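Structure, as C-alpha cells:
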Amino acid sequence: MINNNDFIAVQEFDFDLSQHYAQLTALDPAQTGAVVMFSGLVRDLDDSAVKAMELEHYPGMTEVCLQQIVHKARARWPLLGVHLVHRVGVLQRHDQIVLVGVASRHRKDAFAASEFIMDYLKQDAPFWKAEITANGKHWVDAKQSDQQADKRWNL
C-alpha cells in the first residue's frame with residue numbers, strides 16, 4: 001500500500017527537516033514543481049503552565065492509519081512523494097512534533113494534500129496528548145476547530 005517515494009514513521013527521536021526536503025526534491029527533478037514542508041512544534045505560551053507534552057500512540061494501528069491517509073491523499077491529488085513523521089514520548093517546548101512533506105508537479109496539489117494530511121492527523125489519527133505542568137499531567141481533548149477542519153474533506 002505504501003508508495004516507494006513515501007516515508008512514514010512514528011518515532012521518539014527528532015527529525016531533520018532539511019534531510020526530508022532534500023529527499024523529496026530529489027525524487028523526480030524533471031517533474032517536481034513544488035515541495036511543501038510543514039513542521040508542527042510544541043508551543044511556548046508565555047502564560048502557560050505547560051512544561052512539556054507527552055504523546056502516546058497505539059503501535060501497529062497508528063502506522064496503518066498514517067499509511068491510509070497518505071493513500072487517500074494520493075488518490076485525491078497527483079503526488080510524487082509524501083513524508084510523514086510523527087513523534088511520540090515526552091517533548092519539550094519548541095520541540096518538533098510532526099513533519100508533513102509533499103512533493104508534486106503543482107503547488108496547489110502540494111498545499112492541499114499537506115493540509116488534508118494535517119487535518120486528518122489532528123482529528124483522527126490514534127495519538128493521545130497530555131500536557132505536563134507543575135501540578136501533574138492531564139490529557140488534552142480534541143478541539144472543535146480540528147473537527148470542523150476535518151469535516152471539510154468529507155472523510
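Below are the figures for this structure:
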| item | result |
| --- | --- |
| In segment 9-101, the chymotrypsin sites (Phe, Trp or Tyr not before Pro) that fall in loop regions by DSSP, at most 14 other Cβ within 10 Å | PHE13 |
| Coil-residue trypsin sites (Lys or Arg not before Pro) of segment 2-81, DSSP, other Cβ within 10 Å capped at 14 | ARG43, LYS51 |
| J(HN,Hα) series, segment 72-83, from Karplus relation 6.51 cos²θ - 1.76 cosθ + 1.60, nearest Hz, glycine and proline x | 5, 5, 5, 6, 8, 10, x, 9, 8, x, 9, 10 |
| Over segment 7-151, relative contact order from alpha-carbon pairs under 8 Å, at least 6 apart, % | 34 percent |
| Farthest toward positive dipole pole in the chain [+1 Lys/Arg, -1 Asp/Glu at C-beta], among ALA9, TYR120, TRP139 | TYR120 |
| Segment 7-15 - phi-based ³J(HN,Hα) in whole Hz, Karplus 6.51/-1.76/1.60, Gly and Pro as x | 9, 10, 8, 10, 8, 7, 7, 5, 10 |
| Rounded to the nearest 20 debye, dipole of segment 7-151 from Cβ charges on Lys, Arg, Asp, Glu | 480 debye |
| For segment 7-151: lysine pairs under 25 Å (alpha-carbon distance), excluding those fewer than 8 apart on one chain | 18 |
| Positive-end residue, the chain charge dipole about Cα centroid, Cβ charges, pick of LEU79, MET53, GLN92 | LEU79 |
| Loop sites in segment 3-61: GluC sites (Glu not before Pro), DSSP, at most 15 other Cβ within 10 Å | GLU12 |
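Here, each number is a calculation from the coordinates, and none is a lab measurement. These numbers come from a predicted model, not from an experiment. For neighbour counting, all protein chains shown are included, and Cβ atoms are generated from backbone atoms with ideal geometry for every residue, glycine included.
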